[in-house]
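Written out below as structure tokens is the structure these notes cover.
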Amino acid sequence: MKDSLKPGVSFTRKVEIDRDRTISFMGEEGRVYATPRLIGDIEYTCRDLILQHADPGEDSVGMEVSVKHLAATLPGSTVEITVTVKEVDRRKIVFDVSAKDEVEPISAGTHARFVVESAKTIERLKQKAAKRDAAKAGG
């Protein structure tokens, strides 16, 4: 990871709230931006900021999310997500995150990600899959 990723560095992304980003369980008139989609959009915005400062072969994984979903956002709205590096502790990056639509703030909180070497992570996942498969075969 490059030294350029430090507290105060920020990134903003605009997200169009299409039908796939909304809840359906309250019917068509009750469609609003779904909280899980909001969290996913925040995570990807943080990841993309890290990737701008990552070395080749590095990526990041989420490790903590603490976000309030403060207001409903209607389909067809544009949400602006802003993430700012709050803390860098070796490979752990903590972000202050916020989101707003055209009318009001809709979210605020923090998100932490851990920078990983992709190849090493994939090897660990393969080892875990082997252990899982052995456990299933034995039980």
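The values are calculated or read from the model by the stated rules, or taken from the named source; none is laboratory data. Here the structure is a predicted model, which is why all the values come from computation and not from measurement. Neighbour counts are summed over all protein chains in view; Cβ atoms, including those assigned to glycine, are modelled from backbone coordinates with ideal geometry. Ligands, DNA and RNA are stripped out before the accessible areas are found, and what is left, the full protein with its side chains, is counted by its heavy atoms. Shrake-Rupley method; radii C 1.70, N 1.55, O 1.52, S 1.80 Å.
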Q: Rounded, prolate or oblate: pick one for the chain, where a ≥ b ≥ c are the square roots of the eigenvalues of its C-alpha gyration tensor, a/c under 1.5 means rounded, and failing that, prolate if a/b is larger than b/c, else oblate.
A: oblate
Q: Would you mind checking the tilt of helix 118-138 against the longest principal axis of the Cα atoms of the chain, expressed as 0 to 90 degrees and rounded to 10?
A: 80 degrees
Q: Compute the length gained on full extension between I23 and R90: take 0.36 nm times their separation in residues and subtract their Cα-Cα distance, giving the result in nm to one decimal.
A: 20.4 nm
Q | Accessible surface of the chain [probe 1.4 Å, protein heavy atoms]: carbon and sulfur percent | A | 53 percent
Q: Determine which aspartates and glutamates satisfy two conditions relative to K86: a Cα distance under 18 Å, and not lying fewer than 8 residues away in the same chain.
A: D3, E43, D48, E64, D96
Q: Go ahead and collect, in residue order, the members of the range 89-122 whose backbone nitrogen is under 13 Å from a label point 7 Å along the Cα-Cβ direction of L5.
A: 89-95, 112-118
Q: Report the trypsin sites (Lys or Arg not before Pro) located in the range 34-139 that are in a DSSP loop and have at most 16 other Cβ atoms inside 10 Å of their Cβ, or state none.
A: R90, R91
Q) What does the accessible area per residue of the range 92-131 come to in Å², with a 1.4 Å probe and no ligands, DNA or RNA counted? A) 58 Å²
Q) Amide H to amide H under 5 Å from T73: which residues, 5+ apart in sequence or cross-chain, H placed 1.01 Å off N in plane? A) Y33
Q: Please identify every one of the GluC sites (Glu not before Pro) in the range 31-139 that sits in a loop by DSSP and has no more than 11 other beta carbons within 10 Å of its own beta carbon.
A: E102
Q. In square angstrom, what is the accessible area per residue of the range 6-68 with a 1.4 angstrom probe?
A. 60 Å²
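Taking loop as defined by DSSP and a crowding limit of 16 other beta carbons within 10 Å, which chymotrypsin sites (Phe, Trp or Tyr not before Pro) in the range 1-41 fit?
Details: sites: F11, F25, Y33; in loops: F25.
Qualifying residues, ordered by number: F25.
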Q: Among A72, G62, L49, flag the residue with its Cα farthest along the positive direction of the charge dipole of the range 29-100, charges on Cβ as +1 for Lys/Arg and -1 for Asp/Glu.
A: A72
